[in-house]
Amino acid sequence: MKKVVVVGCGNVGLAYVNNLVATNGLVNEIVLIDINRDKILGEAMDLNHAGVVFNSNINVKAGSYKDCFNADIVVIAAGLNQEKGETRLDLIKRNKNIIESIVDEVMSNGFGGIFLVATNPVDIMSYYVKMKSGLPAGKVIGTGTLLDIERLKFLLSQKIKINTENIHAYVLGEHGDSSFVVWSKSTVGMVPILNTVSKDDLDAIETEVKQLAYKIINYKDYTNYGVAMCLLKITKAILKDENLVLNVSSFVDDIYIGMPSVVGIGGVKGTMKINFTEEEKEKYENSKRVIKEAIESMEV
């Protein structure tokens, strides 16, 4: 029996649960936890009705932290949203206390599964979950730069008119303004992307990837569908033991940072080493520095 607990049933949490219900068979039980009890009672009823469309045998219920005891995964989607004009790092102090209270409650009920973190800034919050929970590093996973990669592939596909399935391009580092594209390892089919698209166009696309979240927030006040699908992809990799290489936020060099990681049963099984160019190495070190400084500011 597979059970997932979702803490925080706002735009991201509910989009994720809706996706999970539609998989029909990946999990047996989904437990919703939120400070608004009436809301999750109604959401659980509505989601169970939606499951009938798929002939689903998944049970969705409004629960409590006691349900974390035998859960396979606890998804943390709680926290304050990024406001217009804010960076993800601006959320640190506001979301720290929320994350702390959640982890304390989950761990006090004997949880031994995997934390999947979506709360921003996700690299710093993932680090904090690991420190507060005391769980092995591989059992705490952030969504990392997985969404950034999907955005990158979408933009490249629009530019070169090639299906995203044939575009292999990677965004590493912080899920934020210091992220960077590893163009030296990116290909279209088997052809290096540097031989396909001009450097000026690649630079413009990389800048656009970093700006997309801000644009979406300016239009609709939040982002949710993309990250929810990324959460589902990670969930499937864990529960089906897919040993999938995903650019999640993993524990590397004493911080959490978006790096290609092997994800399967038990969480992150290992992180791949990348032979960066000198320019990429500088960007990677800068991204690590940004995350470390953010962690230090949180601990003050």
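The values are calculated or read from the model by the stated rules, or taken from the named source; none is laboratory data. As the structure is a computational prediction, the values presented were derived from the model and not from experiment. All Cβ positions, glycine included, derive from the backbone under ideal geometry; neighbour counts span all protein chains shown.
In region 149-182, the residue that is nearest to Tyr256 (Cα to Cα) out of those that are touching a helix residue (DSSP H, G or I) at 6+ places or on another chain (Cβ under 6 Å) and without any contact (Cβ under 8 Å) to a residue 40 or more places away in the chain is Val181.
For region 170-187, indicate whether the set of residues that are within 19 Å of Thr119 (Cα to Cα), at pLDDT below 95 and surrounded by fewer than 16 Cβ atoms within 10 Å (Cβ to Cβ) is non-empty. Yes, because at least one residue in region 170-187 is within 19 Å of Thr119 (Cα to Cα), at pLDDT below 95 and surrounded by fewer than 16 Cβ atoms within 10 Å (Cβ to Cβ).
Looking at Val191, Val263, Val197, Val252, just one residue is within 21 Å of Ser287 (Cα to Cα) and aliphatic (A, V, I, L, M), and that residue is Val252. So in region 143-194, with the set limited to residues that are assigned to a helix (DSSP H, G or I) and basic (Lys, Arg), which one is nearest to Asp123 (Cα to Cα)? Checked region 143-194; the qualifying residue nearest to Asp123 (Cα to Cα) is Arg151.
Yes/no per residue for (1) surrounded by fewer than 20 Cβ atoms within 10 Å (Cβ to Cβ); (2) charged (D, E, K, R); (3) more than 17 Å from the chain's Cα centre (by Cα):
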position: Tyr225; (1), (2), (3): yes, no, no
position: Leu231; (1), (2), (3): no, no, no
position: Asp241; (1), (2), (3): yes, yes, yes
position: Leu246; (1), (2), (3): no, no, no
position: Tyr256; (1), (2), (3): no, no, no
position: Met259; (1), (2), (3): no, no, no
position: Gly267; (1), (2), (3): no, no, no
position: Asn275; (1), (2), (3): yes, no, yes
position: Lys281; (1), (2), (3): yes, yes, yes
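For region 92-124, a residue qualifies if it is within 23 Å of Met259 (Cβ to Cβ) and touching a residue at least 60 places away in the same chain (Cβ under 8 Å), and the qualifying residues are Ile92, Ile114, Leu116, Val117, Ala118, Thr119, Pro121, Val122, Asp123, Ile124. Scan region 195-213 for residues that are touching a residue at least 24 places away in the same chain (Cβ under 8 Å) and part of a helix (DSSP H, G or I) and the total you get is 8. Annotation: Lys269 fulfils all but one of (1) outside any helix (DSSP H, G or I); (2) within 19 Å of Leu147 (Cβ to Cβ); the unmet one is (2). Close contacts from region 1-25, counting a first residue that is modelled with pLDDT of 95 or more and a second that is aromatic (Phe, Trp, Tyr) and buried (at least 24 other Cβ atoms within 10 Å of the Cβ), with Cβ to Cβ under 8 Å and a gap of 6+ residues or different chains, come to Val6/Tyr16.
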